[in-house]
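Structure record follows, encoded as structure tokens.
The values are calculated or read from the model by the stated rules, or taken from the named source; none is laboratory data. Just so it is clear, the structure is predicted and the values come from calculations on it, not from any experiment. Quick reminder, even Gly has a Cβ in these numbers, built from the backbone with ideal geometry, and neighbours come from all protein chains shown.
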Amino acid sequence: MKNQIDVNAVLAGDRRALARFLTAIENETASGRQTLDAVFKRTGQAHIIGVTGSPGAGKSSLVNQLVKYFRQADPSKKIAIIAVDPSSPFTGGALLGDRVRMRDLSGDEGIFIRSMATRGALGGLARTTSAMAEALDAAGFEMIFIETVGAGQSEVDIVRLAHTTIVVEAPGMGDDIQASKAGILEIADILVVNKADQPMAENAVRTLKAMLELGHPIVQSAAERLHHRALAFEAVEVTSDIHQNSEAESWQVPVLTTISTEGVGIQETAEKILEHGVALKQRGEWKKREAARLQEALHDLLIQTFLEKWQRESSSDFVQAVIRDMLNRVHSPHQALQILIKGQNK
Amino acid sequence: MERKIRVLIAKPGLDGHDRGAKLIARALRDAGMEVIYTGLRQTPQMIAEAALQEDVDVIGLSILSGAHMGLVPRIMEELRKNKMEDVSVFVGGIIPEEDVPALLEMGVTAVYGPGTATQFISDEIRRIVLASEEE
């Protein structure tokens, strides 16, 4: 049966079964959810690395080189890549082209690459990206790279999912005011200026370093980050048994340069990724980031489930009538909401 | 949630002309499908591997080099090795009329030559994928 997922085959490393599992998750089917529930206990092992940055900055090429490097350094370490590209807001279709830059990785059974479309989500990932990462984690991939859509300033969902976030910039990104704005540069654990052979590269490095000198953005902990997004419940904070001494505490965000098409700067970037993973664990931050991620996921599920419940319970004719009144300016959107919430259920 | 049709567009072999492949990729995108584009010079193994990882419903091959009678059987063989016989394979490009029956015999679902309307191709893909689901 096409819709059945063989959990044991997934856990045993069957790539076809895994691919089907990922499809079921992406389509939000009942069997996908059940399988996720069944494998949840096995998750929490992988190092999740987010790669984000503007379109054309070189995210895919960088991921290609990094994964090639990690596989050569340790052939026993299985690595997965989830590459997200945008869906058309008009047709819902998508052109997923990240594999074009990852051809070096084909033929290696220790690598699994999956492309996915955002399907209407706006934060740089799809709604099910996190669940897909969980599936790959359960299937034994020790590193999971997640490449976001080409991001502008505020597509920062990746920071809620990844342990380590790499922001890739290309030379010519703008001046120091651009660099000081809130958003994407703030979320970086590692900053990479790619295409370092281009004339403006030194400028970009200088600008980013100057930005960092004004105040390191990542000194706040994951638990603190949670507070900046209202959750549907009071967040549970995990305390770590590791005593936070100030020496180990602050991670200095490095600004690295790469020419990813030629492999320049890849080893340094790879080493920083590993270093960051170790630093997170030493500071007890790893657990906190996991806790933040899982609570975010629960929050999203709650909202989604209440929405679906409301949709099931309210009559479409009534809703349509209220909307028409709003469009005729009889009710404001907020008044329409009040009516919908009070009003006539099926 | 509406089920999305996923299509792999691949260019096997050594010719470097991918305008046709990109045109089809774009047309299928505009028809609401999720199209995975793999780029030039793909080996049969690379195509079958990408199809497996991406769990696609359909593979579209663009071949302009004249090597289709050599490439297509190898791709079909790789798909069989991956137990992916249920995936429909379409071939486009420069394919002489007399080779079409042999390609269909190999398990190719359809061959679309130059001049085929993209709307026709996307309609056909949708029809075939939906029909195979009902089986």
Exercise for the section: Please give the number of the condition B:ILE95 fails out of (1) more than 12 Å from the chain's Cα centre (by Cα); (2) assigned to a helix (DSSP H, G or I); (3) surrounded by 20 or more Cβ atoms within 10 Å (Cβ to Cβ). Expected result: (2)
Completion exercise
Among residues of the stretch A:140-168 being among the hydroxyl-bearing types (Ser, Thr, Tyr) and touching a residue at least 60 places away in the same chain (Cβ under 8 Å), the residue nearest to A:LYS209 (Cα to Cα) is A:THR165
Handout entry: Counted residues, the stretch A:106-125 - those being more than 7 Å from every other protein chain (Cβ to nearest Cβ), touching a Lys or Arg at 6+ places or on another chain (Cβ under 9 Å) and part of a strand (DSSP E or B)
Key = 1
Exercise for the section: Report yes if some residue within the stretch B:99-106 is assigned to a helix (DSSP H, G or I), at pLDDT 90 or above and within 14 Å of chain A (Cβ to nearest Cβ); otherwise report no. Expected result: no
Fill in the blank from the handout: Pairing a residue in the stretch A:22-42 that is at positive phi with any residue that is surrounded by fewer than 16 Cβ atoms within 10 Å (Cβ to Cβ), where Cβ atoms lie under 9 Å and the two sit 6 or more apart in sequence or on different chains, gives A:GLU28/B:MET1
Practice task
Answer yes or no as to whether A:PHE90 is in a loop (DSSP other than H, G, I, E, B), at pLDDT 95 or above and either surrounded by fewer than 24 Cβ atoms within 10 Å (Cβ to Cβ) or away from every other protein chain (no Cβ under 12 Å) (or both).
Solution key: no
Practice task
Restrict the check to the stretch B:53-70 and report whether at least one residue is buried (at least 17 other Cβ atoms within 10 Å of the Cβ), out of contact with any strand residue (DSSP E or B) (no Cβ under 6 Å at 6 or more places or on another chain) and within 16 Å of B:MET33 (Cα to Cα).
Solution key: yes
Handout entry: Subset of the stretch A:46-70 [of a type in the set (S, T, N, Q) and either assigned to a helix (DSSP H, G or I) or not assigned by TED's automatic domain parsing to the domain that holds A:LEU256 (or both)]
Key = A:SER60, A:SER61, A:ASN64, A:GLN65
Exercise for the section: Scan the stretch B:29-53 for residues that are more than 7 Å from every other protein chain (Cβ to nearest Cβ) and assigned to a helix (DSSP H, G or I) and jot them down. Expected result: B:PRO44, B:ILE47, B:ALA48, B:ALA51
Handout entry: Conditions (1) surrounded by fewer than 24 Cβ atoms within 10 Å (Cβ to Cβ); (2) assigned to a loop (DSSP other than H, G, I, E, B): number failed by A:ARG101
Key = (2)
Completion exercise
Per the filter on the stretch A:71-87, residues of a type in the set (Asp, Glu), under 18 Å from A:VAL51 (Cβ atoms) and more than 11 Å from chain B (Cβ to nearest Cβ) are none
